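Q: Have a look at this one before I ask anything.
Computed from the coordinates by the stated procedures, all read-outs in this text should not be read as laboratory data. Small disclaimer: the values here were computed from a predicted structure and weren't measured. Backbone-built Cβ (ideal geometry, glycine too); neighbour counts: all protein chains shown.
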Amino acid sequence: MKTLEGKPLETTLIALMAFPSEAAARAFTNDPAYAPFVSARRGGSDSRFQLIDDTDLAGTIPYLPKG
């Protein structure tokens, strides 16, 4: 991964997961069945779980849903 602009992230792995909604993503992260994996991930890495909204508020990007 190469940063072309801005400060580079000190990242060696990026995983993207798609959810149908923010509520579904939050339900996943709060699911008790996921808790052991959260603990293992946090214990073995410096990690983040970030939510990226893919809607286009201006409605000008044809391949994104309008916000």
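Q: Counting other Cβ atoms within 10 Å, which GluC sites (Glu not before Pro) in the stretch 1-35 have at most 15 and lie in a DSSP loop?
A: Answer in residue order: Glu5, Glu10.
Q: Related question: So what are the three principal axis dimensions of the chain from its Cα atoms, in whole Å, longest to shortest?
A: Extents along the principal axes: 41, 32, 13 Å.
Q: Still on this model: How much mean residue ellipticity at 222 nm does the chain get from its helices, if each DSSP H run of length 4 or more adds -39500 (n - 2.57) and you divide by all residues, to the nearest 500 deg cm²/dmol?
A: For the chain, the value works out to -8000 deg cm²/dmol.
Q: Follow-up question, since we're still on this one. Would you please name the chymotrypsin sites (Phe, Trp or Tyr not before Pro) within the stretch 14-67 that are DSSP coil residues with at most 13 other C-beta atoms within 10 Å of their C-beta?
A: Passing both the DSSP loop test and the Cβ count: Phe49, Tyr63.
Q: What is the gain in length, in nm to one decimal, between Asp54 and Leu16 on full extension, counting 0.36 nm per residue of separation less the C-alpha to C-alpha distance?
A: Length difference between fully extended and current span is 12.4 nm.
Q: Using the Karplus curve 6.51 cos²θ - 1.76 cosθ + 1.60 with θ = phi - 60°, work out ³J(HN,Hα) for each residue of the stretch 47-60 in order, rounded to whole Hz, and write x for Gly and Pro.
A: 9, 9, 10, 10, 9, 10, 7, 9, 7, 9, 4, 7, x, 10
Q: For the chain, the longest stretch holding no trypsin sites (Lys or Arg not before Pro) located in a DSSP loop with at most 11 other Cβ atoms within 10 Å is which?
A: On the way: sites that count: Lys2, Arg48.
Longest site-free region, per DSSP loop and neighbour criteria: 3-47.
Q: Another question, then. How high is the FRET efficiency from Tyr63 to Arg42, r the C-beta distance, R0 25 Å, rounded to 0.05?
A: Working: r = 34 Å, r/R0 = 1.37.
E between Tyr63 and Arg42, to the nearest 0.05, is 0.15.
Q: Check Asp56: other-chain or 5+ apart residues with amide H under 5 Å from its amide H, H built from backbone geometry?
A: Amide H to amide H, under 5 Å and 5 or more residues apart or across chains, Asp56 pairs with Lys66, Gly67.
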